[in-house]
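The values are calculated or read from the model by the stated rules, or taken from the named source; none is laboratory data. Being a predicted model, the structure only gives us computed values, none of them experimental. Virtual Cβ from ideal backbone geometry, glycine too; neighbours counted across all protein chains shown. For accessibility, only protein heavy atoms count, side chains too; no ligands or nucleic acids. Shrake-Rupley method; radii C 1.70, N 1.55, O 1.52, S 1.80 Å.
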Amino acid sequence: MADIKVRAAAAAEAAARAEPRRAGLEVPFHRASLGEEELAEVAASVKSGWITMGPKTMEFEKRFKSYLCARGGLPEDKLHGAVVSSATAALHLALKAVGLRPGDEVILPTNTFVATAQVVTYFGAIPVLCDIEEDTHNMSVVALEKLFTKKTKVVIPVHFAGQPCDMDEIMAAARKRGVVVIEDAAHALPSEYKGRVIGTVGDITCFSFYATKTLAMGEGGMVVTGNEEYAKSARINRSHGISRDAWDRYTLKGSWYYEVVDNGYKYNTTDINAGIGLAQLRRLDAMNEARARIAAVYDHALAGSSARLPVVRADRKTCRHLYVIKVSNRDELHEKLKQEGIGTSVHFIPVHKQPYYRDTYGFRDASYPTANRVYEQSLSLPIFPDMAAEQVEHVWRCVLRHAR
Ligand SMILES: Cc1ncc(COP(=O)(O)O)c(C=O)c1O
């Protein structure tokens, strides 16, 4: 195995030296895979005369649950959900469903998009940031164990880049203390933990269908849970706390009468977005395979180089939402790749470094040594389903040339 890796890297390095970049070859950091199927769905919504939440949204909600149940070997009546306008909305609704109160503490990794922390603050609750593992960049269970207090109400593991966190350990630590686990699965569609598809593991799971995600609807998200009461709360509160799905009050079969039973939000998605989502869902496995192929090429071509590659644990599967390498010259590499026409990104600026969180909650760098180190070295390479083979090759050749 080691021998194959060494030979692959040697061959790749020789090729990199032999063939300078072809002028004009550009690789954006991301491009959503959208085509005729998505266009047809949007056209159908427009022609129907109904463009906000309606039949396509309901169909997406049903098919998305079926997709997870089929993968997870779960009966369809065991999984409940609500499609909403974003993962941020999904996380907000999930925290509302479990009854988060002012002063409650919610533990989440510092290596996440700030939305995971921001929803906690909406309740006057306290975000408690957890350091991460050096290899997976996921929440460290060792660090987590030290953060529980009597005020801890929720833990939010974030499946970074698509790789599931140590869910057995996290669930056990939470269960022991009566704490709820809400997974931020914005990156993890479809990913698996010990044979279980993400969406069927924790108490509630929140997905994102944002434009760059593995299933892109533009803006969209989903709350998924085995708990019927949590799902009911999310469904009611995505539409102003109205006691039933209110969209059909404009149809002949619906009634104009409704009751408001909670102080909910306007967090519905639309039939335009859900139509795109339906087409994306049909193509999800094929798009996932394309990303897996690109990751395998990167793994092979960059093995033995000075870039440290993503580590995937043997007992889990990642959808490869992101491909994050670590190098000692991250900023320089970003610049060099830019000059070569390649877009890259950094995931994430840790939450504890953001001025609002530093100043409001007193987070200090010294508490997050691993996250700081990982942040300084990380660079996310382009990985999207429609990347041409020559674009993939251009990226790894340039990384071989410039990474230190
Ligand atoms: C880890 C993580 N959580 C939550 C979100 C928020 O997702 P959305 O844009 O759907 O609200 C993102 C989006 O990038 C994310 O990366």
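Note on residue 330: accessible area approximately 20 square angstrom, rounded to 10, probe 1.4 Å, nucleic acids and ligands left out. A cut-off under 11 angstrom between Cβ atoms defines the neighbours of residue 120, and their net charge, with Lys, Arg +1 and Asp, Glu -1, is -1. Going by a ≥ b ≥ c, the root eigenvalues of the Cα gyration tensor, does the range 136-289 fall in the rounded group (a/c under 1.5), the prolate group (a/b larger than b/c) or the oblate group? Oblate shape, in that a/c is at least 1.5 and b/c is the bigger or equal ratio.
Could you tell me which of rounded, prolate or oblate describes the range 65-138, using a ≥ b ≥ c as the square roots of the eigenvalues of the alpha-carbon gyration tensor, with rounded for a/c under 1.5 and, failing that, prolate when a/b is larger than b/c and oblate otherwise? Taking the square roots of the gyration eigenvalues as a ≥ b ≥ c, the range 65-138 is oblate. Between residue 142 and residue 339, the simple spin-label model (points 7 angstrom out along Cα→Cβ) gives 4.0 nm. Membrane-span-like helices in the chain, defined here as complete DSSP H runs extending at least 30 Å along the helix axis by their C-alpha atoms with mean Kyte-Doolittle hydropathy no lower than -1.0, are 271-302; this is a sequence and geometry rule, not a statement about a membrane. Short-range pairs are left out: with C-alpha atoms under 8 Å and at least six residues apart, the relative contact order of the chain is 24 percent. Calculated from the alpha-carbon coordinates, the chain shows an Rg and a Dmax of 21.9, 73 Å respectively. A simple spin-label model places pseudo-atoms 7 Å from Cα toward Cβ; at residue 150 and residue 135 they are separated by 3.9 nm.
If you plug the beta carbon distance of residue 227 and residue 25 into 1/(1 + (r/R0)^6) with R0 = 51 Å, you get a FRET efficiency near 0.55.
Within the accessible area of the range 191-254, the carbon and sulfur atoms contribute 49%, probe 1.4 Å, all protein chains present.
In this calculation the C-beta distance from residue 388 to residue 309 is compared with R0 = 22 Å, giving a FRET efficiency of 0.50.
Modelled this way, with points 7 Å down the Cα-to-C-beta line, the labels at residue 122 and residue 282 are 3.3 nm from one another.
When peptides 209-222, 356-369 are ranked by their average number of other Cβ atoms within 10 Å per residue, the highest-first order is 209-222, 356-369. Each of 159, 334 has its accessible area taken with a 1.4 Å probe; listed largest first, they run 334, 159.
Residues 104, 285, ordered by accessible area of protein heavy atoms at a 1.4 angstrom probe radius and largest first, appear as 285, 104. When 235, 308 are compared by accessible area of protein heavy atoms, the largest-first order is 308, 235, using a 1.4 Å probe. For residue 39, the solvent-accessible surface computed with a 1.4 Å probe is close to 110 Å², ligands and nucleic acids excluded.
Take residue 228: with every protein chain present and a 1.4 Å probe, its accessible area is about 120 Å². Treating r as the C-beta distance of residue 62 and residue 404 and R0 as 60 Å, the FRET efficiency rounds to 0.75.
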